[in-house]
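Q: Attaching a single structure in structure tokens format; questions to follow.
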Amino acid sequence: MTVVIPTKTLANGVKMPYLGLGVYKMTNREEAIQAMRKALEIGYRAIDTAALYYNEEEVGEAIRTSGVRREDIFVTTKVWNSDQGYDETLRAFETSLKKLGLDYVDLYLTHWPVEDKFVDTYRAIERLYEEKMIRVPGVSNHHRHHLEKIFAKANVKPMVNQVELHPYLSQEELRAFCKENEIAVTAWSPLGRGGILQDDAIMKIAGEVGKSAAQVILRWHYQHDIISIPKSVTPSRIEENAQVFDFELSAEQMGQLDQLNKNQRFGQNPDNFKFDF
Ligand code: NAD
């Protein structure tokens with residue numbers, strides 16, 4: 001089976017797949033490479049890693065041995081909190097690039113907005129964009145107030161903001177703000193780390209459309225114009241998560257899913273994140 005994954009056109013015209021493979025906690029070398037190669041084989045064209053995930057080398061290896069052309073794969077990585085600041089970010093980028101074994105990265109993100117540093121971090125990302133070392137500049141875990149501080153100093157606005165987002169944390173206000181500013185939203189933990197798959201309302205809709213709970217949730221993201229990056233190392237789930245472009249949720253089903261929001265986070269809130277690890 002191969003799937004054609006649709007792309008979202010970002011503010012600068014670059015096309016980013018609506019679905020990518022998240023690779024957080026894939027630290028077993030062989031398992032990680034197998035999972036990424038499987039994903040690329042069935043049609044995934046985006047991989048979401050970070051310096052923190054300690055698997056950038058495996059990402060590079062999976063790409064090189066996949067048989068898919070480098071330019072057809074959208075690679076995201078992120079600068080970790082302890083490497084933030086202007087010069088530090090430029091150095092961290094060099095390290096990531098070396099580990100990946102690539103000569104450019106598609107999307108480079110500030111991982112979390114470290115207070116007093118995230119604006120300088122973004123300015124370094126902007127410089128990497130100007131120097132064509134990255135195709136898209138972006139951020140992660142930025143609230144509106146973080147983005148506004150960046151807008152005041154930057155020449156180019158971030159084009160992607162990657163945040164925790166799923167039916168229990170639908171982030172409607174942030175999504176509207178990002179839309180006004182041509183910032184594409186990517187959902188991390190789109191499945192709520194697996195913690196929302198047993199939800200009664202989601203399971204009921206899954207029964208109605210003959211799909212799994214995970215597929216219903218990922219379809220909800222897509223119909224809301226949100227990019228998602230579910231993580232799995234299990235081949236059948238990697239495949240299942242990509243099969244979300246061949247059915248549609250009705251307006252009523254979308255409305256029912258929208259009502260599940262309870263501002264519940266499975267990860268940390270950027271406003272009181274503990275940056276000391
Ligand atoms: P997720 O919502 O993708 O859930 C992953 C869990 O769900 C895993 O335990 C997996 O086994 C299970 N799962 C996946 N597909 C399934 C299926 N079809 N059926 C049943 N269970 C399934 O959560 P995540 O891993 O936290 O997030 C995904 C990605 O987001 C990460 O790998 C990473 O790339 C990114 N991320 C980014 C940040 C950030 O700060 N920017 C933070 C966390 C995660």
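The values are calculated or read from the model by the stated rules, or taken from the named source; none is laboratory data. Worth saying up front: this structure is predicted, and the values here are computed from it rather than measured. Cβ placement follows ideal geometry from the backbone for every residue including glycine, while neighbour counts extend to all protein chains displayed. Remember, those area values only see protein heavy atoms, side chains included, never the ligands or the DNA or RNA. Shrake-Rupley method; radii C 1.70, N 1.55, O 1.52, S 1.80 Å.
Q: Quick one: which of 65, 76 is over 18 Å from the mean Cα position of the chain (by Cα) and either crowded, with 21+ Cβ neighbours inside 10 Å or more than 14 Å from residue 238 (Cα to Cα) (or both)?
A: Exactly one residue qualifies, and that residue is 65.
Q: Let me ask another. Does residue 185 qualify as being more than 14 Å from the ligand (Cβ to nearest atom), crowded, with 17+ Cβ neighbours inside 10 Å and part of a strand (DSSP E or B)?
A: Judged against the criteria, residue 185 is not a match.
Q: Would you call residue 125 under 22 Å from residue 271 (Cα atoms), more than 16 Å from the chain's Cα centre (by Cα), open to solvent by less than 10 Å² (accessible area, probe 1.4 Å) and touching a residue at least 40 places away in the same chain (Cβ under 8 Å)?
A: In short, yes.
Q: For region 118-139, name all the residues that are part of a loop (DSSP other than H, G, I, E, B) and farther than 24 Å from residue 24 by Cα.
A: Those that are part of a loop (DSSP other than H, G, I, E, B) and farther than 24 Å from residue 24 by Cα: 131, 132.
Q: Mind listing just one residue for me: the one in region 193-212 that is assigned to a loop (DSSP other than H, G, I, E, B) and more than 12 Å from the ligand (Cβ to nearest atom) and, of those, least open to solvent (accessible area, probe 1.4 Å)?
A: 199
Q: Okay, next question. Anything in region 71-82 that is within 16 Å of residue 49 (Cα to Cα) and not in a strand (DSSP E or B)? List them, or say none.
A: If the condition is that a residue be within 16 Å of residue 49 (Cα to Cα) and not in a strand (DSSP E or B), then 73, 80, 81 are the ones that fit.
Q: Which one is nearest to the ligand (Cβ to nearest atom), of the residues in region 7-28 that are exposed (fewer than 13 other Cβ atoms within 10 Å of the Cβ) and closer than 25 Å to residue 194 by Cβ?
A: The selected residue is 25.
Q: For region 131-142, state whether one or more residues are touching a strand residue (DSSP E or B) at 6+ places or on another chain (Cβ under 9 Å) and either of a type in the set (Asp, Glu) or within 22 Å of residue 33 (Cα to Cα) (or both).
A: No; the residues of region 131-142 include none that is touching a strand residue (DSSP E or B) at 6+ places or on another chain (Cβ under 9 Å) and either of a type in the set (Asp, Glu) or within 22 Å of residue 33 (Cα to Cα) (or both).
Q: In region 98-117, which residues are over 19 Å from residue 20 (Cβ atoms) and not in a loop (DSSP other than H, G, I, E, B)?
A: 98 - this is the single residue of region 98-117 that is over 19 Å from residue 20 (Cβ atoms) and not in a loop (DSSP other than H, G, I, E, B).
Q: State which residue is nearest to the ligand (Cβ to nearest atom) when the search covers only region 133-150 and only residues that are surrounded by fewer than 21 Cβ atoms within 10 Å (Cβ to Cβ) and of a type outside the set (D, E, K, R).
A: It comes out as 143.
Q: Please verify whether region 33-45 includes one or more residues that are surrounded by fewer than 16 Cβ atoms within 10 Å (Cβ to Cβ), of a type in the set (Gly, Ala, Ser) and more than 15 Å from the ligand (Cβ to nearest atom).
A: Among the residues of region 33-45, not one is surrounded by fewer than 16 Cβ atoms within 10 Å (Cβ to Cβ), of a type in the set (Gly, Ala, Ser) and more than 15 Å from the ligand (Cβ to nearest atom), which makes the answer no.
Q: Take residue 87 and tell me if it is of a type outside the set (Phe, Trp, Tyr), out of contact with any Gly (no Cβ under 7 Å at 6 or more places or on another chain), open to solvent by 10 Å² or more (accessible area, probe 1.4 Å) and not in a helix (DSSP H, G or I).
A: Considered against the rule, which asks whether it is of a type outside the set (Phe, Trp, Tyr), out of contact with any Gly (no Cβ under 7 Å at 6 or more places or on another chain), open to solvent by 10 Å² or more (accessible area, probe 1.4 Å) and not in a helix (DSSP H, G or I), residue 87 comes out as no.
Q: Still on this model: Mind listing whichever residues of region 213-260 are within 12 Å of the ligand (Cβ to nearest atom), open to solvent by less than 30 Å² (accessible area, probe 1.4 Å) and assigned to a loop (DSSP other than H, G, I, E, B)?
A: The answer is 229, 230, 232, 244.
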